[in-house]
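All of the numbers you see were taken from the coordinates with simple rules; none came from a lab. For clarity, every value in this text was computed on a predicted model and none was experimentally measured. Because the Cβ atoms are built from the backbone with ideal geometry, glycine has one as well, and the counts that use them run over all protein chains shown.
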Amino acid sequence: MSETAEPRTVKGVKKRSWLRAHIWDLLIGIVLVVVILGLADLLVSKLSVKHEVSSARVVSDKVILDMQKQDATDAYKLGGKKFQQSLSAAQLAKQFDTIKSVTSSRPSVDNQTLYKDHVNGDIVFVIYKFPAQVPFYIRLGIIKESGQWKLTSVKGSVTESELIVG
């Protein structure tokens, strides 16, 4: 009787160790799949953000060009509903005229941020740096309204830190 009991014990141990090895293989496989899916989601998210920012930059670059040409009418047309309700084209022209001496040179993009707002929608803030004896910074807020990017705010300062949205 003891001879038949030992092989069963040995077989049971072999079955358990085989089962444990496959459970570990299965767990490692699941972890790898989760990690790969997480990385894929991160990549898709980053590409989406890049696309959103570059789409909004088309509008902000047009506004900067209109500002330099002193064409407030065209810049005003790029504004969203709230922007146009808060400011007239004539008021925008006056603002453009006030800063024309510091915005005549070619600017560089100093900062761009996508801000996710669940109430108002996505907003991209782009800060342009105009080189001068004292650099001047312009921050444009571009909001997505009805699937289109629209100007929502214009703010200027000699101090970039005043314009950072965080």
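Key figures for this structure:
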| quantity | calculated |
| --- | --- |
| Failed item in (1) surrounded by 13 or more Cβ atoms within 10 Å (Cβ to Cβ); (2) closer than 14 Å to residue 83 by Cβ, with residue 148 passing the rest | (1) |
| Index of the failed condition, residue 125 passing every other in (1) farther than 18 Å from residue 68 by Cα; (2) out of contact with any Lys or Arg (no Cβ under 7 Å at 6 or more places or on another chain) | (2) |
| Some residue of region 151-162 being assigned to a loop (DSSP other than H, G, I, E, B), surrounded by fewer than 18 Cβ atoms within 10 Å (Cβ to Cβ) and not aliphatic (A, V, I, L, M) | yes |
| Selection status of residue 94, under 23 Å from residue 120 (Cβ atoms), surrounded by fewer than 17 Cβ atoms within 10 Å (Cβ to Cβ) and out of contact with any Pro (no Cβ under 8 Å at 6 or more places or on another chain) | no |
| Region 90-148: number of residues that are among the aliphatic types (A, V, I, L, M) and under 17 Å from residue 58 (Cβ atoms) | 10 |
| Candidates 109, 59, 63 - the one that is surrounded by fewer than 19 Cβ atoms within 10 Å (Cβ to Cβ), hydrophobic (A, V, I, L, M, F, W, C), under 24 Å from residue 135 (Cβ atoms) and within 20 Å of the chain's Cα centre (by Cα) | 109 |
| Residue under evaluation residue 40, criteria (1) in a helix (DSSP H, G or I); (2) within 15 Å of residue 149 (Cβ to Cβ), criterion not met | (2) |
| Index of the failed condition, residue 103 passing every other in (1) under 17 Å from residue 136 (Cα atoms); (2) exposed (fewer than 14 other Cβ atoms within 10 Å of the Cβ) | (2) |
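One line per residue, one yes/no per condition, for (1) among the polar types (S, T, N, Q); (2) assigned to a loop (DSSP other than H, G, I, E, B); (3) over 21 Å from residue 53 (Cβ atoms):
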| position | (1), (2), (3) |
| --- | --- |
| 90 | no, no, yes |
| 96 | no, no, yes |
| 102 | no, yes, yes |
| 118 | no, yes, no |
| 126 | no, no, no |
| 165 | no, yes, no |
